Amino acid sequence: NNMSCAFSQDVGEEKFSAIVLNKETSLSVTSVERFKKCPFIFCAEKLFKLSDLPSLDLDIDHMSKGSFMHKLFEKLTVEPMRFEYSDSEMSILLEECRKEVHLLLGDKRMWQSLKQKYGELAKSFLKKEREWRQQFPKTQTIGREVKVRARWNQEQRDFVSEDESGILFRGFVDRIDSDGDNNYVIIDYKSSATQKNYSSWLKDHIYQLAIYSWLVEKGFSELSAGNVLSAVYYVSRTLDRNKG
């Protein structure tokens with residue numbers, strides 16, 4: 001009977017029944033961008049809960065690399081920020097990152113080479129951060145993985161608080177720096193240097209930094225509302241923050 005009903009729906013003899021959601025569906029920046037590019041991908045992920053999980057291989061996949069890099073930078077930017085770590089301290093830090101992101105390897109012997117690679121990345125990152133703070137001494141990292149939550153109200157065409165009506169929107173900002181005078185810099189970590197400046201965001205359906213800036217300025221984050229003076233991508237491969 002189920003196969004017959006499905007066939008009738010496929011050939012247009014029977015209408016599809018409406019999808020009943022068991023719980024409220026929330027949106028994120030990623031889901032909005034994917035809906036704009038391809039509504040089918042949005043539907044597959046958000047409504048049908050389909051996912052394309054990485055395969056266990058001799059090398060770690062891009063998703064796992066990104067998660068590890070995010071966790072490493074999150075730990076390195078805890079205030080008061082340190083710029084020097086001994087080899088043993090860095091080893092402990094990297095082991096903590098591995099456990100917290102549940103890093104899986106096809107061969108455990110790979111870990112030592114990966115550990116050395118990310119240890120070098122950490123040293124380069126700290127060197128770059130020290131140079132930045134020497135140039136801008138008021139800089140402090142006031143938020144890591146900052147939670148943002150609000151609702152999109154279609155009538156007002158604006159984000160409103162969770163207590164009001166609208167579609168739930170939630171996400172996490174990788175990092176927020178401040179000068180101590182309620183001025184913010186939003187930073188989003190990326191692995192590759194493919195990001196674009198703000199003049200191309202709408203044309204290329206890139207909304208992440210714009211939406212996060214909007215939400216943070218309106219006070220819909222764990223931090224108090226502030227002036228977002230800059231929103232940039234921080235590329236781990238080049239340690240560059242010139243796009244955004």
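The antiparallel fraction among DSSP beta bridges confined to the chain stands at about 70%.
Dividing the Cα radius of gyration of the range 119-204 by its Kirkwood radius returns 1.07 for Rg/Rh. Only aspartates and glutamates eight or more places from Lys49 in sequence, or on another chain, were considered; those with a Cα closer than 16 Å are Glu24.
Surface analysis of the chain yields an accessible area of 63 Å² per residue, using protein heavy atoms and a 1.4 Å probe. Farthest towards the positive end of the charge dipole of the chain, among the residues Ala210, Ser230, Gln116, is the Cα of Gln116, using unit charges on the Cβ of Lys, Arg, Asp and Glu.
For the pairs Lys138/Lys218; Lys127/Lys218; Lys99/Lys147; Lys37/Lys115, note any where the Cα-Cα span goes beyond 28 Å. Too far apart for the 28 Å limit: Lys127/Lys218; Lys37/Lys115. Only one of [x] 18.0, 55; [y] 21.4, 71; [z] 22.9, 79 was calculated from the structure for Rg and Dmax of the Cα atoms in Å, and its label is [y].
The values are calculated or read from the model by the stated rules, or taken from the named source; none is laboratory data. Computed from a predicted structure; not experimentally measured. Because the Cβ atoms are built from the backbone with ideal geometry, glycine has one as well, and the counts that use them run over all protein chains shown. Just so you know, the surface numbers come from the protein's heavy atoms only, side chains and all, with ligands and any DNA or RNA stripped out. Shrake-Rupley method; radii C 1.70, N 1.55, O 1.52, S 1.80 Å.
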